[in-house]
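In what follows, a structure is listed as structure tokens, so that the remarks can point back to it.
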Amino acid sequence: MAAKQAPPTHSADRPEAGQTWRGWIAVGLGWLLPGLGHVYLGRLRQGLLFGAIIWSAFGLGLANDGRLALRDERQPLLTGLQIVANLGVGPADMIARRSVYGELAYRLPDEQARGADEQRAEIFRGRARSGVSIYGTAYLWTAGLMNLLLLFDVWDIGRGRNP
Amino acid sequence: MQSHLLHMLVYATLVSAFFALLVRRTRREQLRLGLTLWLAMVGGALLLAYVMYPFPR
């Protein structure tokens, strides 16, 4: 019986520590401001185009009464994933929430909520009733998910895997 | 913007441009893939709408 051989290692495939840092910084910048990760890595044209696409989708989402997802205890997985998609665009999501709900809200209040919680729930339901809300919501989710994909791209570029 | 068709066209344009830029490197390849994706999305949606037209709502 042949002895097990260790898998071959390719030192060229292993990124250096500097490349790993570069990847992390690019991912951080790309999340803070969509498109900035590519710009940081020297891909100005790509960064500007990606930024324009994502900001356009995000702006269209807000302009068309897109729902900024709130975690609903009755559907925790689904609404949790929606929040992840929203958060893909970075701090812009938080600014949008403060602007729409008047606070940094991520949870849908229960039926008996009063005061500010009740008001937040009504704003959320009001946007959902709008005739264009489904389009706005799709734009918002798409903007976040596209930026999450970009973070993988800048990670690969930063570590020298995607020349 | 209330037009459903316009939303579909804008959405398809944004998504196809994004993926063309992401997975292709040369301008020519990007244009080719972007156009293919756009036509697939818009054409597919219109075709599906046409097929579904005889069915009651």
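Where a number appears in this text, it was derived from the coordinates with a stated rule and is not lab data. Bear in mind that the values here come from a model prediction, so they are computed numbers and not experimental data. All Cβ positions, glycine included, derive from the backbone under ideal geometry; neighbour counts span all protein chains shown.
For a quick check: sort A:135, A:106 by the number of other beta carbons within 10 angstrom, fewest at the front. Please list the in-between numbers first.
Details: A:135 25, A:106 18.
Going from least to most buried by this count: A:106, A:135.
Where does region A:11-92 land on the Kirkwood hydrodynamic radius, alpha-carbon pairs, in angstrom?
By the Kirkwood definition, the hydrodynamic radius is 14.6 Å.
Ignoring everything except DSSP H segments at least 4 long, calculate the 222 nm mean residue ellipticity for chain A; use -39,500 (n - 2.57) per segment, divide by total residues, nearest 500.
Numbers: 7 runs with 104 residues, N = 163.
So the helix-based figure for chain A works out to -21000 deg cm²/dmol.
Collect residues whose amide H, placed 1.01 Å from N in the peptide plane, falls under 5 Å from the amide H of residue A:107; neighbours closer than 5 in sequence don't count.
A:71
Just tell me the longest site-free run in chain A, where the sites are GluC sites (Glu not before Pro) in a DSSP loop having at most 10 other beta-carbon atoms within 10 Å.
In short, A:17-72.
Extending each Cα 7 Å along its Cβ direction at residue A:52 and residue B:32, get the distance between those two points in nm, one decimal.
Taking the simple label geometry, residue A:52 and residue B:32 are separated by 2.3 nm.
If you average the sequence gap of Cα pairs under 8 Å that are 6 or more apart and divide by the length of chain B, what percent do you get for the contact order?
Details: 23 pairs, mean separation 18.2, N = 57.
Normalised by residue count, the contact order of chain B is 32 percent.
Sorted from fewest to most neighbouring beta carbons within 10 Å, what does the list A:137, B:13 look like?
B:13, A:137
Need the C-alpha centroid separation for region B:3-57 versus region A:65-87, integer Å.
Centre-to-centre distance over Cα atoms comes out at 26 Å.
For A:156, A:93, what's the fewest-to-most ordering of other Cβ within 10 Å of each Cβ?
A:156, A:93
In Å and from the alpha-carbon atoms only, list the Rg and Dmax of region A:17-158.
Here Rg and the maximum Cα pair distance are 16.5, 53 Å.
Counting alpha carbon pairs within less than 8 Å and at least 6 residues apart, what relative contact order, in whole percent, applies to chain A?
Relative contact order comes out at 35 percent.
Using modelled amide H (1.01 Å from N, peptide plane; none on Pro or chain starts), what sits under 5 Å from the amide H of residue A:67, excluding residues fewer than 5 places away?
Residues meeting the criterion, in which the H sits 1.01 Å from N, are A:137.
Provide the FRET efficiency to the nearest 0.05 for the residue A:20-residue A:117 pair, computing r from the beta carbons and using R0 = 35 Å. Mind showing how you got there, number by number?
On the way: r = 43 Å, r/R0 = 1.24.
Efficiency, from the Cβ-Cβ distance: 0.20.
Let me know the mean shielding of B:13-22 by other chains, meaning the per-residue number of their Cβ atoms within 10 Å of its Cβ.
5
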